[in-house]
Amino acid sequence: NSTVVAKLMVLPLSSDITQKGYEKKRSKLIGAYLPQPPGVDQALPQERRTPVTPSSSSRYHRRRSSGSRDERYRSDVHTEAVQAALAKHKERKMAVPMPSKRRSLVVQTSMDAYTPPDTSSGSEDEGSVQGDSQGTPTSSQGSINMEHWISQAIHGSTTSTTSSSSTQSGGSGAAHRLADVMAQTHIENHSAPPDVTTYTSEHSIQVERPQGSTARVAPKYGNAELMETGDGVPVSSRVSAKIQQLVNTLKRPKRPPLREFFVDDFEELLEVQQPDPNQPKPEGAQMLAMRGEQLGVVTNWPPSLEAALQRWGTISPKAPCLTTMDTNGKPLYILTYGKLWTRSMKVAYNILHKLGTKQEPMVRPGDRVTLVFPNNDPAAFMVAFYGCLLAEVVPVPIEVPLTRKDAGSQQIGFLLGSCGVTVALTSDACHKGLPKSPTGEIPQFKGWPKLLWFVTESKHLSKPPRDWFPHIKDANNDTAYIEYKTCKDGSVLGVTVTRIALLTHCQALTQACGYTEAETIVNVLDFKKDVGLWHGILTSVMNMMHVISIPYSLMKVNPLSWIQKVCQYKAKVACVKSRDMHWALVAHRDQRDINLSSLRMLIVADGANPWSISSCDAFLNVFQSKGLRQEVICPCASSPEALTVAIRRPTDDSNQPPGRGVLSMHGLTYGVIRVDSEEKLSVLTVQDVGLVMPGAIMCSVKPDGIPQLCKTDEIGELCVCAIATGTSYYGLSGMTKNTFEVFPMTSSGGPITEYPFIRTGLLGFIGPGGLVFVIGKMDGLMVVSGRRHNADDIVATALAVEPMKFVYRGRFAVFSVSVLHDERIVIVAEQRPDSTEEDSFQWMSRVLQAIDSIHQVGVYCLALVPANTLPKTPLGGIHLSETKQLFLEGSLHPCNVLMCPHTCVTNLPKPRQKQPEIGPASVMVGNLVSGKRIAQASGRDLGQIEDNDQARKFLFLSEVLQWRAQTTPDHVLYTLLNCRGTIANSLTCVQLHKRAEKIAVMLMERGHLQDGDHVALVYPPGIDLIAAFYGCLYAGCVPITVRPPHPQNIATTLPTVKMIVEVSRSACLMTTQLICKLLRSREAAAAVDVRTWPPVLDTDDLPKKRPAQIYKPSNPETLAYLDFSVSTTGMLAGVKMSHAATSAFCRSIKLQCELYPSREVAICLDPYCGLGFVLWCLCSVYSGHQSILIPPSELETNPALWLLAVSQYKVRDTFCSYSVMELCTKGLGSQTESLKARGLDLSRVRTCVVVAEERPRIALTQSFSKLFKDLGLHPRAVSTSLGCRVNLAICLQGTSGPDPTTVYVDMRALRHDRVRLVERGSPHSLPLMESGKILPGVRIIIANPETKGPLGDSHLGEIWVHSTHNASGYFTIYGDESLQSDHFNSRLSFGDTQTIWARTGYLGFLRRTELTDANGERHDALYVVGALDEAMELRGMRYHPIDIETSVIRAHKSITECAVFTWTNLLVVVVELDGSEQEALDLVPLVTNVVLEEHYLIVGVVVVVDIGVIPINSRGEKQRMHLRDGFLADQLDPIYVAYNM
């Protein structure tokens, strides 16, 4: 709102400004913002200004009216300022990518595809990377486009994600906002690329420190100033001086114990906004309270309002009181004073005597009843209202509830309940229109008390007896009526108004407005509350006036109706809102017969609203020629608590123009009045709302804290002390005290009067001459980073950006939501159905620019919703709190969203600086001094275990099988179950041996294979697979188990099979007849090149003979089998398992799980890789126990199969996967009762181990345990295991040893690779479950993945493992050839540098628990946090996708799955939507909020996709890298893609 306005409005009194002069002055002011012709000097003369104090009242010069010529410029001044501010942005389109939307979501298909990012950024003088010649690329370039956009946004940032050692928020200094940064993609810009994720509002460029200097001083525990250490150790390698320092530090007495040796630099403190040292501060003297004029009691004023009614009803019964209109604007009905009097009496009599029984009347004097009347029936309302006054019953007027779920209607119900209302008075028509149940009952509305509906029409009432007469008393302190008020949060309060306050208020209004008997007044306002009630129902009766009531429904049809009625009835007074004036202007087409000269007063009820001034100006400008005089316009300010706060008095003196204040918007945000500002475009023009009411005292106090009087140049909350105000919030004594009993204090600390003041809820100041200026409401106040903004001002600015084409003018909601410890501004508007996506987006970006320029505040979210979808108040306004509620719960369903977290979130913690490298000696000393253990642990020592393990005699599994076939030929090793739970197949030792022999013959004879050849086994989970595996061993071949292609999905699953077969260099492929056919099918030929398959052997018909001899390997280190698996990052990696490792592995599991031949173990796993394969195929042969095999695919038809089998076979140990556990949890959740009835009993289960290669999914294991607790499952039985590529099983719970423990760690510390244990439920806590016990023969150490040094207990590092069953190396890695061999043979850089370790690629930590192991030692628990490959580095901190995903999935009920990844420092969040596509955009703000709130990260892109788009591998792990590639190649067909700015 331009200061332009300031200068224009504050012209000296003498000069009569002409249009020419105006133009000249205007160009001088706006000139700075308009594009300059070359060679024009932009300097403006500096004008000296003084701060406003009452003495400089000339600031608020009353402007002399100078005809209508220059008036029209004044009203649009705000628009002009906004347009100029936008022009300052060089008319460039914002270089912000437009969100892309799926076709089905775009109603108008005006664009030719998913809208590509708008690349025509930059005007001619902006050497932008892309010349404008290129135009906007079409969607065929979609994929390049997206990459191009992101890389452009980051200035082609080549900095790798790890090297953010110095945060350089580069760009040229002025590029404060991301939008600008994006547009400034100059090639010449040599400054470092800005890291979008570390955007701060100051462009602090920190230079990396030289290595030798000491690290930055971080907040320390105690006052350990001397421990200036980097990552826990002295920075330089001159150890001795530092040690000396440490020792000195430790010697100091009475030091609090060091919780942590390290200087704790991970305390992620949010940036606290430091107050700007140059911010304006109030400088004036303390204000003085203003007194209104004396309330002169005229002798013939009635002693109470009922007395007035009685008087007029008896002495002038024919005088018209109220004329109502129909929707055609024809008078519908005239209520005279006589009728009002007799009908009100009738209502009073019936309420008191005809409800309930004679002994037990339902309503007694003093009781509350509610009035429910429609807006087009003021007559019935008036009769009922006065009926209540006469009966001394308290009316509570409310809106008509149209449906059971009206916006805000529930809160009204609470109000009625708390007021103890049992009776509702209503009209016949309204009663008929209420929703009814089939029996004709009116249902109880949601949240409402039970009501008796009572129709007040005369024909339904009995006549009062002759001798009955209402008791008319003088006004006293009894409650007269209760007016409802809706608060900012949507709750509804009832303000009680006493009879004396009611009367005094009518007297004060009569005096202030100069009302006289029998005047005619046109009322457009709601007559049930506020100004409409006070003037149109109450004060009118005191003065026997005639009210012409215009219903809202008529205004909708004919916005000029009120003006026509003023002419028709020659009305002296009209009560309107700015909206009505605005509508009249829009509808006005030179109506010849309009003459407004009869008006002496046009009351503008919302005169306190900042934009009412432009409506008043524009209205005057148009209707001045129709006889409207300027001094007739009387804005007033009101509040439910203080009733009328101030009103401009009508004068006859046309030389007395109204007061204007032109205030600096910047000053206002600090609560300071400044008449001028350097930033010419940021001003707010306000009009006065007249003087304090007669008989009242007014002052302004500081809006928060103790009610201290403001200074003269300070904005405060206006407070009023008068009889004519509300007295309390009904039934709420605490809130009443804070609002109705305020004692303003002087600076010396004493109260200014002994009488209490009432807070009006209005913000403003008292200007020179006692004029009251209101600049906003307390309810609309949004405090962003310590600066105050008013919702109404922001709406005004948004409306000034040519809105009429794209959005509806009156349908704006602006509110703030609290995200990350600050308020964030949200704007919601209704979009016109005919506006295109591009137009709306363009308009949205301009709104952001305008608000940024004028208010210097960023908008967090701008959302457009389809027409008519915002919740409305009964009179058609937008229901703000309900809109905010919908926004926060994600049910607003916007059709366009633009979020700008990068621009407005400035309080993120500082990015982490990586500390310089440190020497090993310092680490040792550091750990020593702090009493730290080096983090290492091991399972039981294999050498010391005494066991009578017969199988140990044999080096090879093939020998163990032959021995078992001889000694226990008929012992059953394997039982395979089908989906009905019956035995499909079983194998004894001898059957397996014989079957393996036949397969060996087949391989040698039909396959002509040599020993050492590789054979791919493509089998469904079952017995054939096991036989084929041992057949290979018998023939000396190396088996590779491969998951068969899925018959319904050959196109995607067959290429993986082909790839494994090729990469593993398989000489032959063995499978079943069925799969043979599948491999040769037409679908297969379409998916892969069938001619290049190796020979395929079908094992369904085997040769009858035995091999001449069974192959015996020469050396246990030779290859036994290859284990192929696809990692979560999409790598296909095969590892080599030697015979020695295989046997050692089996032995380790045997010892851990205490397996021997009499045991039965149930296995529900995929048998293709890792521990799943070992348990399915190898362990039974080694240990001799019986394995009950349950293929996981069978659970899809019968989810209870696995648990029923466990129960039926009385199994003590069972193994499953997360997918199986999830299937059971989801599929059997509601069936536990029926399963119990079927005899399902899990009480014998000792261990139920989830086989996994990830962080334990604690939520899933806990819900599984809870769910099946009723079926006897012991909660401690459920545990997890940990395996990885280098070692297929590191941990496995087993039978002995303590139960798995759970700890809670601080997530913020984890981001800094630190482990800090916290209490359960503390903020930012993350529960982690131990990954089972370390297997016998396994040693673990935690090492720093970068430096390879050993780490202390409280550090997060990479888990390294040393064990006899480590794999012996990668066979090949497909997907990344550079993966080093050091995965299998790494050595520590210091400490124990001899041992050879394998790197697991998982980050975790060890913790020594209080529990004891089987061997009496204290038990070391291993906790896995996540895969190193998956971890994302953002802002110098390490994040694990699963943590962010967990938060996101919680954000909205329709998000079923989520995956996150980074791309060039942007965090991309992909969510699967389970709901209608209309909900897609609801997710964008919620996802952004939750990630900011819980992880201190700004989401760069939100992608909403259909269910099933996020790829998941067979182990149930998300394939985030596949997803990333699909996203960048534009293959996801997303429903919506939002780019956060």
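Indicate the gyration tensor shape class of segment 1469-1516 (rounded, prolate or oblate), computed on the Cα atoms with a ≥ b ≥ c the square roots of the eigenvalues: a/c under 1.5 is rounded; otherwise a/b larger than b/c is prolate and the rest oblate.
Note, shape of segment 1469-1516 comes out oblate.
Going down the list Lys346/Lys463; Lys953/Lys1150; Lys556/Lys872; Lys281/Lys777; Lys556/Lys577; Lys101/Lys1518, which pairs span over 18 Å between their C-alpha atoms?
Lys281/Lys777; Lys101/Lys1518
Could you give the alpha-carbon Rg of segment 1178-1248 over 2.2 N^0.38 Å, rounded to two decimals? Working shown, then result.
Working: Rg = 12.7 Å, N = 71, 2.2 N^0.38 = 11.1 Å.
Working it through for segment 1178-1248, the quotient is 1.14.
Which number comes out as Rg/Rh for segment 1236-1306 once both Rg and the Kirkwood Rh are worked out on C-alpha atoms? The partial results should precede the final answer.
Values: Rg = 13.7 Å, Rh = 13.4 Å.
Over the Cα atoms of segment 1236-1306, Rg/Rh equals 1.02.
Show me the ranking of peptides 1218-1229, 1358-1369, 1081-1092 by mean Cβ neighbours inside 10 Å, starting with the highest. Numbers along the way, then the final one.
Numbers: 1218-1229: 18.3, 1358-1369: 22.2, 1081-1092: 13.4.
So the order, starting with the most tightly packed, is 1358-1369, 1218-1229, 1081-1092.
State the dimensionless ratio Rg/Rh of segment 1150-1275 (Rg: radius of gyration of Cα atoms; Rh: Kirkwood radius). Each step should come with its number before you reach the end.
Details: Rg = 13.9 Å, Rh = 14.7 Å.
Dividing the radius of gyration by the Kirkwood radius yields 0.94.
Does segment 767-900 come out rounded, prolate or oblate by the C-alpha gyration tensor, with a ≥ b ≥ c the root eigenvalues, rounded set by a/c under 1.5 and, if not, prolate when a/b is larger than b/c and oblate if not? Kindly include the intermediate steps, with their values, before the conclusion.
On the way: a/c = 1.44, a/b = 1.41, b/c = 1.02.
Verdict is rounded for segment 767-900.
Please give the net charge around Lys529, taking every other residue with its beta carbon less than 14 angstrom from that of Lys529, where Lys and Arg add +1 and Asp and Glu add -1.
-3
Any idea what Rg and Dmax come out to for segment 379-431 if you just take the C-alpha atoms, in Å?
Final numbers for Rg and Dmax: 12.0, 34 Å.
Using only the alpha-carbon atoms of segment 674-751 as identical scatterers, what base-10 log of I(q)/I(0) does the Debye formula give at q = 0.18, 0.23, 0.24 Å⁻¹?
After summing over all Cα pairs, the log10 values are -0.92, -1.18, -1.23.
Work out from phi, with θ = phi - 60° and the Karplus expression 6.51 cos²θ - 1.76 cosθ + 1.60, the ³J(HN,Hα) of each residue of segment 963-969, listed in order in whole Hz, and give x for Gly and Pro.
4, 5, 5, 7, 7, 10, x
In what sequence, highest mean first, do 1430-1436, 301-307, 1398-1404 appear when ranked by Cβ atoms within 10 angstrom?
1398-1404, 1430-1436, 301-307
Ratio of alpha-carbon Rg to the 2.2 N^0.38 Å globular estimate for segment 305-438, to two decimals, please.
1.13
Hey, what D do you get for segment 365-474 in µm²/s if you plug the Kirkwood alpha-carbon radius into Stokes-Einstein at 10 °C and 1.306 mPa s?
It comes out at roughly 107 µm²/s.
Where the accessible area of segment 719-838 is counted over protein heavy atoms with a 1.4 Å probe, how much of it, in %, is carbon and sulfur? Display every interim value, and only then the final one.
Details: 2370 of 4270 Å².
Heavy-atom surface of segment 719-838 belonging to carbon and sulfur, 1.4 Å probe: 56 percent.
Using bins 10 angstrom wide from zero, how does P(r) for segment 1430-1502 break down, in % of all Cα pairs?
It works out to 21, 58, 19, 2, in whole percents.
Can you tell me the alpha carbon radius of gyration of segment 838-889 divided by the globular rule-of-thumb value 2.2 N^0.38 Å?
1.35
Counting pairs of Cα atoms in segment 1151-1200, how many percent are more than 16 Å apart? It would help to have the intermediate numbers written out before the result.
Details: 508 of 1225 pairs.
Across segment 1151-1200, Cα pairs with separations above 16 Å total 41 percent.
Between segment 969-1010 and segment 542-573, how many Å separate their Cα centres?
Comparing the Cα centres of segment 969-1010 and segment 542-573, I get a distance of 97 Å.
Of all alpha-carbon pairs in segment 433-534, indicate the percentage at a distance above 24 angstrom.
54
Tell me the carbon and sulfur percent of the accessible area for segment 949-1047, rounded to whole percent, probe radius 1.4 Å.
The C+S portion of the solvent-accessible surface of segment 949-1047 is 51 percent.
Per-residue counts of other Cβ atoms within 10 Å, averaged by peptide: what ranking do you get for 785-791, 315-321, highest first?
So the peptides 785-791, 315-321, ranked by packing, come out 785-791, 315-321.
The values are calculated or read from the model by the stated rules, or taken from the named source; none is laboratory data. These figures come from a predicted structure and were not determined experimentally. All Cβ positions, even for glycine, are placed from backbone atoms using ideal geometry, and neighbour counts span all protein chains on display. Accessible surface areas use protein heavy atoms only, side chains included; no ligands, DNA or RNA. Shrake-Rupley method; radii C 1.70, N 1.55, O 1.52, S 1.80 Å.
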